[in-house]
Amino acid sequence: MNTPVIGVLALQGDVREHLTALAAAGAEARTVRRPAELDGVEGLVIPGGESTTMSKLAALFGMLEPLRERVRAGMPVYGTCAGMIMLAEKILDPRSGQETVGGIDMIVRRNAFGRQNESFEAAVEVDGVEGGPVEGVFIRAPWVESVGAEVRVLAEYGGHVVAVRQGNALATSFHPELTGDHRLHRFFTDMVRSAR
């Protein structure tokens, strides 16, 4: 029972890449679309994609409240890019009707690093991840404007916060699942093991 069961919220976004990265990191990875599937996992990844669409689909599939309850109860959760926005307590420039799951006491700015054609890759030193910097893929990426006292900043890039952790919740502005470097997924898998 040392293999943690980790779900990927499979409503929209780069689900397959996260499933592959989690399996490589030693987890049993499965898709989660409905509340019953959420009950069967020990941790959850909220992938990158389009945060407004993800918020609307989560509401449509009856997932917002179950997600909020599990995150409040301490289920380990990791959000990348749009997933970071979903884990924010507040969005600076939300689209109409956009809701979040919450879980990290932070204010996030959507598309802060620019539009799709301004996407880039950069080496990012992440506190707690050994072996040198990780390759950060920034695609219409958010950044963290401010954090509460309980939030630990794990990485900055260009003077902006791009990785944070609060308790069992982890978030990055960038997409580690697109690089073939599975250290952040291993870091999260270890968080899930520790939370047992």
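Say whether the condition of being open to solvent by less than 10 Å² (accessible area, probe 1.4 Å) and out of contact with any Asp or Glu (no Cβ under 8 Å at 6 or more places or on another chain) is met by at least one residue in region 179-186. Within region 179-186, one or more residues are open to solvent by less than 10 Å² (accessible area, probe 1.4 Å) and out of contact with any Asp or Glu (no Cβ under 8 Å at 6 or more places or on another chain).
Within region 93-129, the set of residues being open to solvent by less than 60 Å² (accessible area, probe 1.4 Å), part of a strand (DSSP E or B) and over 25 Å from Pro76 (Cα atoms) comprises Phe120, Ala122. With respect to the stated conditions, Asp39 fails to be modelled with pLDDT under 95, among the acidic types (Asp, Glu) and either more than 18 Å from His175 (Cα to Cα) or in contact with a strand residue (DSSP E or B) (Cβ under 8 Å, 6 or more places away or on another chain) (or both).
Selection of first residues in region 36-53 that are β-branched (Val, Ile, Thr) and of second residues that are assigned to a loop (DSSP other than H, G, I, E, B) and surrounded by fewer than 23 Cβ atoms within 10 Å (Cβ to Cβ), restricted to Cβ pairs under 7 Å at least 6 apart or on distinct chains, gives the following pairs, ordered by first then second residue: Thr52/Arg95; Thr52/Gln98; Thr53/Gln12.
None of Arg95, Arg68 is at pLDDT below 95 and charged (D, E, K, R) except Arg95.
Contact map, region 8-30: residues that are over 17 Å from Met75 (Cβ atoms) paired with residues that are assigned to a strand (DSSP E or B) and open to solvent by less than 20 Å² (accessible area, probe 1.4 Å), Cβ distance under 7 Å, separation 6+ or inter-chain. Pairs shown: Val15/Val8; Leu19/Val8. Residue count for region 15-49, restricted to those that are over 17 Å from Phe188 (Cα atoms) and in contact with an Asp or Glu (Cβ under 8 Å, 6 or more places away or on another chain): 1. Within region 152-171, is even one residue surrounded by 20 or more Cβ atoms within 10 Å (Cβ to Cβ), among the polar types (S, T, N, Q), at pLDDT 95 or above and touching a helix residue (DSSP H, G or I) at 6+ places or on another chain (Cβ under 7 Å)? Scanning region 152-171 turns up no residue that is surrounded by 20 or more Cβ atoms within 10 Å (Cβ to Cβ), among the polar types (S, T, N, Q), at pLDDT 95 or above and touching a helix residue (DSSP H, G or I) at 6+ places or on another chain (Cβ under 7 Å). Taking first residues from region 161-173 that are farther than 18 Å from Arg183 by Cβ and partners that are among the β-branched types (Val, Ile, Thr) and open to solvent by less than 10 Å² (accessible area, probe 1.4 Å), the Cβ contacts under 7 Å between residues at least 6 apart in sequence or on separate chains come to Val161/Val144; Gln166/Ile104; Asn168/Val77; Ala169/Val77; Ala169/Ile104.
The values are calculated or read from the model by the stated rules, or taken from the named source; none is laboratory data. Just so it is clear, the model here is predicted, and its values are computed rather than measured. We place every Cβ from the backbone using ideal geometry, glycine too, and count neighbours over all the protein chains shown. Heads up: the accessible areas ignore ligands, DNA and RNA and are worked out on the full protein's heavy atoms, side chains in. Shrake-Rupley method; radii C 1.70, N 1.55, O 1.52, S 1.80 Å.
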